[in-house]
Amino acid sequence: MKHLQTVYRIGLSLTFITFIVPFLLSACDTESPLAVDSMPVLSTGVLSGGETTVFDESSHAFSVPAPNLSEAALAKHLEGDVEFEAVFVTAPAVVNPGLGPIYNNVSCINCHARDGRGRAPRDDEELVSLLFRLSLPRPDAELEGKPPVPVPGFGTQLNNRAIVGTPPEGTVQIDWTEEPLTLEDGTRVHLSYPNYTLTETYRPLPDEVEVSPRVAPVVFGLGLLEAIPAEAILAYADEADSDGDGISGKPNYVWDVVQQRHTLGRFGWKANQPTLLQQVASAYHDDMGITTSLFLLESSVGQYPGRNEIPSAAAAPEVSDEILEVVTFYVQTLAVPARRNVDSPVVQQGERLFAKAQCANCHVPTFRTGVSPGVPSVSNQTIHPYTDLLLHDMGPGLADNRPDFHASGTEWRTPPLWGIGLVQRVNGHTNFLHDGRARNLMEAILWHGGEAAASRRAVEQMSQAERDALIAFLESL
């Protein structure tokens, strides 16, 4: 393990000496074009994750431990890696028992392949890394800020798999339609629109059921996002749009099961999880039917009479606190890939266009983390995630019409953009947005509406060369 850690540190140091030092020296050279008024926008440099950055462009770029981990921390990270990849089976197996009785997948890594991004199925593929949240409409305005209302017999998530002897809750059929769009310069594009139909449900669903698709996001860099001070995030909140720029970032305040109070949400497509510990425990519970000390009741409680009822006081969770802790530490301490091609004139032009189109108003480039107890590697780091972790109204085109605490049916958390240019290499696709409907980055941009409508229009009015530069910038992240 010590040797592994040394390799990563040497790799970082060599890259710094080879690429960054000459760049910094050139910037200080009065004869360098970087010293004149035409200096290109290089606002974030290459160290996207501060000292947790790694220079890895391979298919394993999202799975590297942070290079600044101590030897003991690296050992803990690697232990968490093993548990993240553990495959659960039906009890009473000796190893990793407790799967189900209803579930979506059998391991964390099956959804987050190579710690990366999932995609929506196409051409009759099975659901693997796309799941569906369910709820019923809130009965009155007094429930604003409350969690989603569970669907009787289904809860708040559709589990499309089950152990032997138990019926799965159902599955989803996805039909895709093409929506043509003509840009300002006459370029014709087609947006791919998904239509979801819940089928083969083990019992009828209410007509008014709310359905929200969620594709598995990348899991690297999460410890850094958790370490951003709440006040730094809230500094970008402008719910009433007091500055009149049309953008009104809103925090989501959600229930923290450990602290037993509402607190700022940071994780999930609607920022409905406050901490990585709770995010990991919820994934075990909702996605795999695995209990922890945070969620001791089986996800299927109440669905099958006489089974999976409230456990006795002596009942042990199916995943221990020790395993829950190391898996949480694992996702807290994954490295962030460095930016690439930052000295390319095309990439620099794309960065200027990104700012001019006001994309950076929501995809905030830079934060400074605070102190993260127990995770010094992510503490006090200058990072460049390109997110504000706030909710924004994205318009009717992307709406799921399913409220979640303070998030409305049209609001989504701004997703981080770091590493987005490596998704193709790591996960073999370029599908983006919360349900993977966008087949490339340009389609993702053109789906933006609501608060982002002006930014989308700015992109629509760009020339082909400018749009290519914008995409080149995004692919450098």
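Can you tally the net charge around residue 81? Count Lys and Arg as +1, Asp and Glu as -1, for every other residue whose Cβ sits under 13 Å from the Cβ of residue 81.
Numbers: positive: 76, 114; negative: 79, 83, 85, 115.
Taking every other residue near residue 81 into account, the sum is -2.
For the chain, the relative contact order comes to 21 percent (Cα pairs under 8 Å, sequence separation of at least 6). log₁₀ I(q)/I(0) of region 34-166 at q = 0.20 Å⁻¹, via Debye over equal Cα point scatterers, no solvent, to two decimals? For region 34-166, the Cα-only Debye profile gives -1.20.
Sequence gap of 8 or more, or different chains, plus Cα separation below 19 Å: how many lysine pairs satisfy both in the chain?
On the way: 2/76; 146/250; 146/270; 250/270.
Count of close lysine pairs: 4.
For region 321-367, the ratio of Cα radius of gyration to the globular rule of thumb 2.2 N^0.38 Å stands at 1.80. The value of relative contact order for region 357-455, using C-alpha pairs under 8 Å at least six residues apart, is 26 percent.
Over region 119-208, with a single point scatterer placed on each C-alpha, what log10 of the ratio I(q)/I(0) does the Debye formula yield at q = 0.19, 0.26 1/Å? Reported log10 I(q)/I(0), two decimals: -0.97, -1.32. Residues with beta-carbon under 12 Å from that of residue 420, excluding residue 420: net charge, scoring Lys, Arg +1 and Asp, Glu -1? So the surrounding residues net to +3.
For region 78-137, the Kirkwood estimate of hydrodynamic radius, built from reciprocal distances between every pair of different alpha carbons, is 13.3 Å. Divided by 2.2 N^0.38 Å, where N counts the residues, the Cα radius of gyration of region 322-477 comes to 1.12. Divide the volume of the convex hull around the Cα atoms of region 128-172 by the residue count and you get 89 Å³ per residue.
Amide H to amide H distances under 5 Å link residue 318 with 291, 292, where only residues 5 or more positions off or on other chains count and H is placed in the peptide plane.
Around residue 373, with a cut-off of 14 angstrom between Cβ atoms, what is the net charge of the other residues, counting Lys and Arg +1 and Asp and Glu -1?
Numbers: positive: none; negative: 226, 325.
Spelling it out: positives minus negatives among the neighbours equals -2.
Close amide-amide hydrogen proximity is noted between residue 56 and 338, each under 5 Å apart and 5 or more residues distant or on a separate chain (H modeled in the peptide plane; Pro and chain starts excluded).
Under 5 Å from the amide H of residue 157 lie the amide H atoms of 134, each residue being 5 or more positions distant or on a separate chain, with H modelled from the backbone and absent for Pro and chain starts. Please report the base-10 log of the normalised intensity I(q)/I(0) for region 405-477, using a Debye sum with one equal scatterer per alpha carbon and no solvent, at each q in 0.12 (1/Å). Debye output, listed in q order: -0.36. Taking every protein chain into account, the accessible area of the chain amounts to 44 square angstrom per residue (probe 1.4 Å).
If you build the convex hull over the alpha carbons only and average its shadow over all orientations, what do you get for the chain? Give it in nm² to one decimal.
Numbers: hull surface 96.6 nm².
Projected area, direction-averaged: 24.1 nm².
On the chain, 56 percent of the accessible area sits on carbon and sulfur atoms, based on a 1.4 Å probe.
Loop-only trypsin sites (Lys or Arg not before Pro) in region 101-148, please: DSSP not H, G, I, E or B, and at most 10 other Cβ atoms within 10 Å. Can you show the working numbers first?
Working: sites: 114, 117, 119, 122, 133; in loops: 117, 119, 122.
Here no trypsin sites (Lys or Arg not before Pro) fit, given the DSSP loop and packing criteria.
The values are calculated or read from the model by the stated rules, or taken from the named source; none is laboratory data. In this text, all values refer to a predicted model and were calculated from it rather than measured experimentally. In this analysis, Cβ positions are derived from the backbone assuming ideal geometry, glycine residues included, and neighbour counts consider all displayed protein chains. We work out accessible area using only protein heavy atoms, side chains counted, and drop any ligands, DNA or RNA first. Shrake-Rupley method; radii C 1.70, N 1.55, O 1.52, S 1.80 Å.
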